[in-house]
1. As an exercise: evaluate residue 404 against (1) crowded, with 19+ Cβ neighbours inside 10 Å; (2) touching a residue at least 40 places away in the same chain (Cβ under 8 Å); (3) within 26 Å of the chain's Cα centre (by Cα); (4) at negative phi and give the number of the one condition it does not meet.
2. Look through 228, 278, 285, 239 and report the one residue that is part of a helix (DSSP H, G or I) and either more than 15 Å from the ligand (Cβ to nearest atom) or out of contact with any helix residue (DSSP H, G or I) (no Cβ under 7 Å at 6 or more places or on another chain) (or both).
3. Looking at the stretch 319-338, which of the residues that are part of a loop (DSSP other than H, G, I, E, B) and touching a strand residue (DSSP E or B) at 6+ places or on another chain (Cβ under 9 Å) is farthest from the ligand (Cβ to nearest atom)?
4. Looking only at the stretch 460-495, filter to residues that are touching a residue at least 40 places away in the same chain (Cβ under 8 Å) and in a loop (DSSP other than H, G, I, E, B); which one of those is nearest to the chain's Cα centre (by Cα)?
5. So which strands (runs of 3 or more DSSP E) stay within the stretch 12-116 end to end and still have 2 or more residues that are more than 23 Å from residue 200 (Cα to Cα) and more than 16 Å from the ligand (Cβ to nearest atom)?
6. Does the stretch 204-214 contain at least one residue that is within 13 Å of the ligand (Cβ to nearest atom), surrounded by 20 or more Cβ atoms within 10 Å (Cβ to Cβ) and more than 30 Å from residue 8 (Cβ to Cβ)?
7. Going through the stretch 147-193 one residue at a time, which ones are in a strand (DSSP E or B) and under 18 Å from the mean Cα position of the chain (by Cα)?
8. Return yes or no: is residue 42 modelled with pLDDT of 95 or more, within 18 Å of the chain's Cα centre (by Cα) and within 23 Å of residue 401 (Cβ to Cβ)?
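The values are calculated or read from the model by the stated rules, or taken from the named source; none is laboratory data. Keep in mind that this is a model prediction, so the values were computed, not measured. Please note: Cβ atoms are built from the backbone with ideal geometry, for glycine as well, and neighbour counts cover all protein chains shown.
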Ligand SMILES: Cc1cc2nc3c(=O)[nH]c(=O)nc-3n(C[C@H](O)[C@H](O)[C@H](O)COP(=O)(O)OP(=O)(O)OC[C@H]3O[C@@H](n4cnc5c(N)ncnc54)[C@H](O)[C@@H]3O)c2cc1C
């Protein structure tokens, strides 16, 4: 996957693309894969980096959605459980089975949640993981050795999926590329082209060079998450907003707070929210919140009350309270909530996502979740084919392996997220002792990985490497700041950049990553 080649393909296209997708998160990338797999000519432009938005800031679960189960929305749970099974089959290198324990502190919680999780098992049917069951007090402590034992009665254990969100996004971009799509990061759509009142392409700007260009397409799909209304306003300046923004935050703690393999799930906190503490890449991810915000930003920040909420609640479930100094990173993501009454003319109301078509033919898709990205993409491309007058073809993505797909354990354990690429990454690392050196003693990444990511994964900036190709920013924000100069030097050698570029990259990254430090004032917005 080479950025220069893809930019050249955009510049030299003599015919309009069949479909142009705006936004390189789960939804846009999934749509690019689906459309390219059907044989359509596809281009995708991402303003920043693949998964820069919500798609790198999730709880990292591939799940049916206990929230929907509580709401009695069985069809949504069923769809998500089916998609969970498909994703585990198509990207086994990134998805794993995880045990979740619901600790109970009142007599009724065990039987109540036990029955709920049996329903979940039944819905999953053949695609189910291990069955749920009630746990005694001793079994609960064996699963979660650090659980708060004061008042503990027992628990319920069930199974769901876990994944690495931005690694999956990169692999989807690679899959789209291999299917013939032209996918480019760091290119912002700045306007829409129209012919006889109908959308016929986009105006765009390469954010790395400032170059402006146009791309023509028979159909344009707006998959920009919480930013869909910005694009819709390019189409109709006075259009009513489709989405409201809700923020969810996570704290990352050292593994010692959850040393076993199981996660903690709290179905209903005192104020009615769902809270997870999930082991991930040798750390613990704790969240989340649901806070309405007036507007969306590219780098959302946790509010003071969200930090307090997550910290106070996780302390209730752990025997040893984490302190502020224990938090390795804090990150925020934004959910697009479709406003009531909007999108009513769509065909997708029974689903968790919404598809809206404007009078000029701009197709907007938003909502849903990572787990169901493939189904969303299939729905959108079905609509887009009709709208753009393309030949209608069946989606083959239910059983389409995603780049990196393998069940084999290739290479050393720390390279497993690369899946079938792990042997090639290992070969780059083995080329010199310098490439084999760790980027930072507190992070599990080798310098050679940066070289691989620049050559094969379209990593262009220090942030691309530390936030989304590796997960250093989330695993330990402070260590990632210390690793930034080494990453800048490695990228500069690969991308032919000078010392001034390196210094600017380190400065920009440091400013960004300080916002992920829990006890740095820059991380607190409210
Ligand atoms: C806190 C939280 C936790 C979650 N946890 C889970 C979970 O555990 N499991 C699960 O299944 N789902 C989860 N979700 C939901 C899931 O993360 C989202 O549904 C999914 O990531 C949305 O993807 P998207 O592509 O629609 O949006 P985004 O990922 O936000 O992508 C939109 C992209 O559009 C780009 N863009 C914007 N404007 C332009 C422009 N003008 N030109 C070009 N590009 C542009 C942005 O840079 C961005 O990359 C969670 C969501 C939140 C908020």
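1. If we test residue 404 against (1) crowded, with 19+ Cβ neighbours inside 10 Å; (2) touching a residue at least 40 places away in the same chain (Cβ under 8 Å); (3) within 26 Å of the chain's Cα centre (by Cα); (4) at negative phi, just (4) comes out false.
2. Numbers: 278 fails: part of a helix (DSSP H, G or I); 285 fails: part of a helix (DSSP H, G or I); 239 fails: part of a helix (DSSP H, G or I).
Just a single option satisfies the conditions, and that option is 228.
3. If we filter the stretch 319-338 for residues that are part of a loop (DSSP other than H, G, I, E, B), which is where we start, we get 319-323, 327-328.
Add one more test, that the residue is touching a strand residue (DSSP E or B) at 6+ places or on another chain (Cβ under 9 Å), and what stays is 319, 322, 327-328.
Values: 319: 26, 322: 19, 327: 17, 328: 18 Å.
For the stretch 319-338, the residue satisfying everything is 319.
4. Step by step, filter the stretch 460-495, then rank; the result is 471.
5. Working: elements: 17-22, 42-45, 96-104.
Per the criteria, 96-104.
6. Among the residues of the stretch 204-214, not one is within 13 Å of the ligand (Cβ to nearest atom), surrounded by 20 or more Cβ atoms within 10 Å (Cβ to Cβ) and more than 30 Å from residue 8 (Cβ to Cβ), which makes the answer no.
7. In the first step, residues of the stretch 147-193 are kept if they are in a strand (DSSP E or B); the result is 147, 154-162, 182-184, 187-193.
Once the filter is applied, which keeps residues that are in a strand (DSSP E or B) and under 18 Å from the mean Cα position of the chain (by Cα), the stretch 147-193 yields 160, 161, 162, 183, 184.
8. Working: modelled with pLDDT of 95 or more: yes; within 18 Å of the chain's Cα centre (by Cα): no; within 23 Å of residue 401 (Cβ to Cβ): yes.
Against the criterion (modelled with pLDDT of 95 or more, within 18 Å of the chain's Cα centre (by Cα) and within 23 Å of residue 401 (Cβ to Cβ)), residue 42 does not qualify.
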